[in-house]
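The values are calculated or read from the model by the stated rules, or taken from the named source; none is laboratory data. Everything quoted here is computed from the prediction, not taken from an experiment. Cβ atoms come from the backbone with ideal geometry, glycine included; neighbour counts cover every protein chain shown. Just so you know, the surface numbers come from the protein's heavy atoms only, side chains and all, with ligands and any DNA or RNA stripped out. Shrake-Rupley method; radii C 1.70, N 1.55, O 1.52, S 1.80 Å.
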Amino acid sequence: MHVMILGAGTVGTWVADLLCRRRHSVTVVDLDAENVRRINAELDVRAIQGNGAQSTVLFQCGVAASDICLALTGDDEVNIVAASMAKALGARRSVARVYAPALRDLSTFDYQRHFGIDRLLSLEQLSATELARTIRNPDAIPLENFARGQLVVYDLKVDAAAPAAGTKLSDLKLPSGVRVGSILREDRMWIASAGDEPRAGDQISLLGTHGDVVDARGLFARDKRFQRKEVVMIAGGGETGYHLAQSLGEDHYHIIMLEKDGDRCEYLSTQLKHVTLLHASANRRMILEDEGAGKADWFVACTGNDENNIMACVEARELGAKHVLSVVGRADYANVVEKLGIDLAVSDRDVAARQILGHLHEGAVISHTKLPHGSIEVYELEILDGAPVSGKPLCDLPLSGHCLVAAIERDGFVKVPKATDQLLPGDVVVALIDDSVAEDTLKLFAA
């Protein structure tokens, strides 16, 4: 595929190298002549000096023939403008990296829709989502890549005494914003249909909005974890720490955050009302001991410095923290953290790689990811003019048993569809599709 990368900093260079090794045709644009010389010398890509937010530069780089444009500079506004221009000038897809949380806050303004960008990508939020998934439930898969982050998939095992055991799904009073996506029984997984009856021991996946999924879990299993609030201590109040605290919420967790910058603490105190904020450094053992790191159920280090994160986790582990998690950017630290007893090391580059690689598709496919323990994949699909599925009720489409449309995004709003809902050109849908019939099913969404 033809990929255009705007920005040759640490992230841009790393992504260019990743895509180059996967045999994609890559063009990199950067203002810094030294960065351009370095990339031309070290990587098998085409590097051009120029401002990616100028139309003449985009034309020179062949933006009209690009399958995807990745705006990865260190400036949020430049990335948004450049990605928007690239899309308008002919790039099939465009992705902009952003840092400020306000740019992804749909309650204030929809930047993504307004500027016509396919995805706003926050490395910090992706890292926080990975950490939050581990804390909430290792089997929960927040699909931050799908439906503007408004859809989650939650895996759980059916209890023998649960209301759903032995009851047809059509007879269950599920919240309107939830669907049962898949059922795993004795090493066989399939896409659920209305006539299926979950059995005790089945592994099922619930898809829907976060609040409705939480409400629906009680029909399938009793959640025994939250008889008391678990203590989560977050070292570092940067964007990763902020997103993590916001994702966890206050219902099941008592969150303590250590931040050494006084001004940042003042800001966080206005944004995170449910968090106990401490103006302190997590790199001193005495502070960790005094503030109760040894009693924490989860200790998470995301200070922005790999070495400080590792050391803070080691200290917290020695003090008695039950689980220690860390953000570690450097790939060569992967073996080190495991030997030091750190339960999970999250790399923003790795989570970004999964997101970017998931976008390298043709036709109606925007992105996709695979569900664990089976052959079912979750696709994000654009409904194109002339697609066989367009304009017909879902119940009349030949999708039953091998494809489940879990959500529809239309005009900036996401909803879980009913059987009578129709797919219209311009809609973006989230669908579960079995690998064995993926090729034939995707043809129904193609123009």
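Summary table
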| read-out | value |
| --- | --- |
| DSSP-defined beta bridges in region 1-135 - what % are antiparallel, rounded to 5 | 0 percent |
| Neighbour net charge for His24 - beta-carbon separation under 15 angstrom, K R +1, D E -1 | +2 |
| Of Lys157/Lys322; Lys157/Lys392; Lys392/Lys415; Lys157/Lys229; Lys415/Lys443; Lys260/Lys295, pairs whose Cα-Cα distance is over 27 Å | Lys157/Lys392 |
| Relative contact order (percent, whole number), region 268-380, Cα cutoff 8 Å, 6+ residue spacing | 16 percent |
| Region 163-208: trypsin sites (Lys or Arg not before Pro) in DSSP loop, at most 11 other beta carbons within 10 Å | Lys173 |
| Normalised convex hull volume, region 168-251, alpha-carbon set, Å³ per residue | 137 Å³ |
| Considering only the chain, percent of DSSP beta bridges that pair antiparallel, nearest 5 | 50 percent |
| J(HN,Hα) series, region 231-236, from Karplus relation 6.51 cos²θ - 1.76 cosθ + 1.60, nearest Hz, glycine and proline x | 8, 10, 9, 10, 9, x |
| Summed side-chain charge close to Gly426 - residues other than Gly426 whose Cβ falls under 11 Å, Lys, Arg +1, Asp, Glu -1 | -4 |
| Most to least packed among 378-386, 229-237 [average Cβ atoms within 10 Å] | 229-237, 378-386 |
| Signed unit charges on C-beta, dipole axis of region 307-424, positive-most listed residue Tyr333, Ala345, Pro393 | Pro393 |
| Region 203-340, relative contact order in percent, only Cα pairs under 8 angstrom and at least six apart counted | 21 percent |
| DSSP beta bridge pairing in region 182-316, given as percent antiparallel to the nearest 5 | 30 percent |
| For region 333-447: relative contact order, % (alpha-carbon pairs under 8 angstrom, 6 or more apart) | 28 percent |
| For region 274-325: rounded, prolate or oblate by the Cα gyration tensor [a/c cutoff 1.5] | rounded |
| Global geometry of region 347-408, whether rounded, prolate or oblate, following the gyration tensor of its Cα atoms and the 1.5 cut on a/c | oblate |
| Rg over Rh, two decimals, region 235-333 (C-alpha only, Kirkwood Rh) | 0.94 |
| Peptides ranked, highest mean first, by Cβ atoms within 10 Å: ranges 17-30, 293-306 | 293-306, 17-30 |
| Prolate/oblate/rounded label for region 337-447 (Cα gyration tensor, a/c 1.5) | prolate |
| Test item: Cα-centred dipole of the chain, Lys/Arg +1 and Asp/Glu -1 on Cβ, debye | 480 debye |
| Å² per residue, accessible surface of the chain at 1.4 Å | 45 Å² |
| Net +/- balance of residues flanking Pro398 in space, Cβ distance below 13 Å, scoring K and R +1, D and E -1 | 0 |
| Positive-pole candidate from Leu432, Val414, Met233, dipole of the chain, charges at beta carbon | Leu432 |
| Restricting region 410-439 to trypsin sites (Lys or Arg not before Pro) in coil, as DSSP defines it, with at most 15 other Cβ within 10 Å | Lys418 |
| Taking the convex hull of Cα positions in region 147-211, its mean projected area over all directions (nm²) | 4.5 nm² |
| Of all accessible heavy-atom area on the chain, the percent that carbon and sulfur account for (1.4 Å) | 48 percent |
